[in-house]
Amino acid sequence: MDERPGMVFHQLLRAHHNACMAALARQGAGNVGSPRLLVALAQYPDGPDHAPTQRELADQLHSAPATIAASLKCLERQGYVKRRVDPADSRRNRISITQKGRDVLDAGMRAFRQVDDCMYQGFSPEERELAHRLHQRMLDNLYQSGAVRGECCPPPPPTPSPRKEV
């Protein structure tokens with residue numbers, strides 16, 4: 001079997017990562033060490049009653065609680081998240097994203113869209129959808145063969161609705 005497709009895929013992943021990092025830096029979002037936490041927190045409605053606990057975030061992201069704690073500490077120092085004592089149980093903290101966190105997340109999502117637009121330049125909407133389906137199928141195959149969903153494979157950010165070409 002020809003090994004070049006695997007090498008090309010690896011090169012694609014590295015190039016995509018590098019392009020995303022450069023685009024994030026241009027958007028002012030290059031200093032966010034845990035964007036997946038911001039993505040997860042942005043899914044919750046505003047208000048402390050709906051904010052998840054640190055344990056809930058760890059479970060949702062398939063990460064160790066200590067890993068989440070360290071990431072949250074950094075994000076809190078940067079002003080992207082805040083902790084509030086749970087009114088129902090003072091031993092727990094509820095974590096919520098701040099407006100600054102939402103702003104940097106929006107900038108990050110713009111960066112990712114720019115990279116995707118560049119990567120898929122010249123592709124028809126049907127080809128983009130086919131590529132997405134094939135990549136998802138590859139990912140599912142790897143998970144079925146024993147790859148572990150965890151820190152190396154975080155859940156993807158929500159898929160933005162397709163934009164119409166003008």
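The values are calculated or read from the model by the stated rules, or taken from the named source; none is laboratory data. Bear in mind the structure is a predicted one, so any value in this text is a computation, not a measurement. Quick reminder, even Gly has a Cβ in these numbers, built from the backbone with ideal geometry, and neighbours come from all protein chains shown. Ligands, DNA and RNA are stripped out before the accessible areas are found, and what is left, the full protein with its side chains, is counted by its heavy atoms. Shrake-Rupley method; radii C 1.70, N 1.55, O 1.52, S 1.80 Å.
Rounded to the nearest 20, the size of the Cβ-charge dipole of the chain about its Cα centre is 580 debye, with Lys and Arg at +1 and Asp and Glu at -1.
On the basis of the beta-carbon distance and an R0 of 30 Å, Arg133 and Ala69 show a calculated FRET efficiency of 0.25.
Based on alpha-carbon centroids, what's the gap between region 7-54 and region 68-131 in Å, whole number please? Going from one Cα centre to the other spans 5 Å. Quick one: pull the percentage of alpha-carbon pairs in region 64-148 with a separation above 14 Å. Looking at region 64-148, the distances longer than 14 Å represent 78 percent of pairs. With every protein chain left in place and a probe of 1.4 Å, what is the accessible surface of Arg113, to the nearest 10 Å²? Result for Arg113: roughly 80 Å² accessible. Only one residue of Gly6, Leu61, His132 has its Cα farthest out toward the positive end of the dipole of the chain, where Lys and Arg carry +1 and Asp and Glu -1 on Cβ, and that residue is Leu61. Ratio of Rg to Rh for region 1-96, alpha carbon only, Kirkwood? Radius of gyration relative to Kirkwood radius: 1.13. Taking all protein chains together and a 1.4 Å probe, the residues Met109, Met7, Met119, Met21 rank Met7, Met21, Met119, Met109 from largest to smallest accessible area. Stretching the chain fully between Tyr120 and Gln11 yields a gain of 37.7 nm (0.36 nm per residue, less the alpha carbon separation). As I understand it, the value is the acute angle between the Cα axis of helix 4-26 and the longest principal axis of the Cα atoms of the chain; what does it come to in degrees, rounded to 10? It works out to around 50 degrees. Springs between alpha-carbon atoms under 10 Å, Gaussian network over the chain: tell me which of Ser63, Ser96, Ser124 tops the mean-square fluctuations. The residue with the greatest mean-square fluctuation here is Ser124. Annotation: average projected area of the chain is 12.1 square nanometres, based on the convex hull of Cα atoms across all directions. From helices alone, the chain scores -18500 deg cm²/dmol at 222 nm; the rule is -39500 (n - 2.57) for each run of n ≥ 4 DSSP H residues, then divide by the residue total. Exposed loop sites here are GluC sites (Glu not before Pro) assigned a DSSP state other than H, G, I, E or B and surrounded by at most 13 other beta carbons within 10 Å; excluding them, the longest clear run of the chain is 4-150.
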